[in-house]
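Down below is the structure, laid out as structure tokens.
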Amino acid sequence: MKYHRLKYRLSMQHSFDGQAEHKHHHLIEIEIVARQMSEDFLEFADMDSILKQVLDPYQYQYLNEFPEFGGDTSIEHLGEVFYRKVKDALEGQHWQFARFEISETPLRVYAIVEEEF
């Protein structure tokens with residue numbers, strides 16, 4: 001089986017209590033693993049384009065202001081929200097989602113795995 005693995009860095013701000021005066025910065029790393037479902041050759045650029053459409057609106061933003069997070073900007077909740085968005089976007093474009101990881105440090109990683117590779 002052949003997979004594409006792409007990493008994306010999201011520079012964002014959040015606060016644990018929802019108050020803008022307590023916001024602080026994080027550089028979140030998101031890693032997506034997917035395999036192509038069509039017989040046509042798909043390049044990294046195809047997957048990258050899809051991920052940028054999903055994630056770029058959050059780049060350099062204060063995430064507490066986005067209603068999809070419901071005020072919960074923990075790494076786990078961010079992972080759940082981004083996972084659903086990325087999965088839907090990829091599968092709508094002939095990719096089979098396999099794995100999603102989000103981390104704020106290399107030692108703290110939240111992962112969702114649908115397909116072992």
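Only residues that are outside any loop (DSSP other than H, G, I, E, B) and either open to solvent by less than 60 Å² (accessible area, probe 1.4 Å) or in contact with a helix residue (DSSP H, G or I) (Cβ under 8 Å, 6 or more places away or on another chain) (or both) were counted across the stretch 68-85, and they come to 11. Which members of the stretch 98-117 meet the condition of being among the aromatic types (Phe, Trp, Tyr) and farther than 27 Å from Asn64 by Cβ? Phe117, the sole residue that qualifies. In the stretch 23-40, what residues are open to solvent by 50 Å² or more (accessible area, probe 1.4 Å), over 24 Å from Glu65 (Cα atoms) and among the hydrophobic types (A, V, I, L, M, F, W, C)? Met37, the sole residue that qualifies. Looking at Glu115, Glu65, just one residue is over 19 Å from Arg9 (Cα atoms), open to solvent by 50 Å² or more (accessible area, probe 1.4 Å) and more than 13 Å from the chain's Cα centre (by Cα), and that residue is Glu65.
Of all residues in the stretch 78-117, those satisfying the criterion of being polar (S, T, N, Q) and farther than 12 Å from Glu31 by Cα are Gln93, Gln96, Thr105.
Take Val113 and decide whether it is over 30 Å from Gly18 (Cβ atoms) and free of Cβ contacts under 8 Å to residues at least 24 places away in the same chain. Answer is yes for this residue.
Looking at the stretch 41-51, is at least one residue modelled with pLDDT of 95 or more and surrounded by 17 or more Cβ atoms within 10 Å (Cβ to Cβ)? Before you say what the answer is, go through the steps one by one.
Of all residues in the stretch 41-51, those modelled with pLDDT of 95 or more come to none.
Checked the stretch 41-51: no residue is modelled with pLDDT of 95 or more and surrounded by 17 or more Cβ atoms within 10 Å (Cβ to Cβ).
Once the stretch 89-110 is narrowed to residues that are modelled with pLDDT of 95 or more and either open to solvent by 60 Å² or more (accessible area, probe 1.4 Å) or among the aromatic types (Phe, Trp, Tyr) (or both), the residue that is farthest from Phe16 (Cα to Cα) is Phe100. A Cβ distance below 8 Å, combined with a sequence gap of six or more or placement on separate chains, defines the contacts here; from the stretch 1-22, residues that are closer than 21 Å to Glu65 by Cα and open to solvent by 80 Å² or more (accessible area, probe 1.4 Å) reach residues that are at pLDDT 95 or above and not in a helix (DSSP H, G or I) in the pairs Arg9/Leu27; Arg9/Ile28; Arg9/Glu29; Arg9/Ile30.
The values are calculated or read from the model by the stated rules, or taken from the named source; none is laboratory data. Nothing here was measured: the structure is a model prediction, and the numbers come from that model. Methodologically, a virtual Cβ is constructed for each residue, glycine included, from the backbone with ideal geometry; neighbour enumeration extends over all protein chains shown. Calculation scope for accessible area: heavy atoms of the full protein, side chains included, ligands and nucleic acids excluded. Shrake-Rupley method; radii C 1.70, N 1.55, O 1.52, S 1.80 Å.
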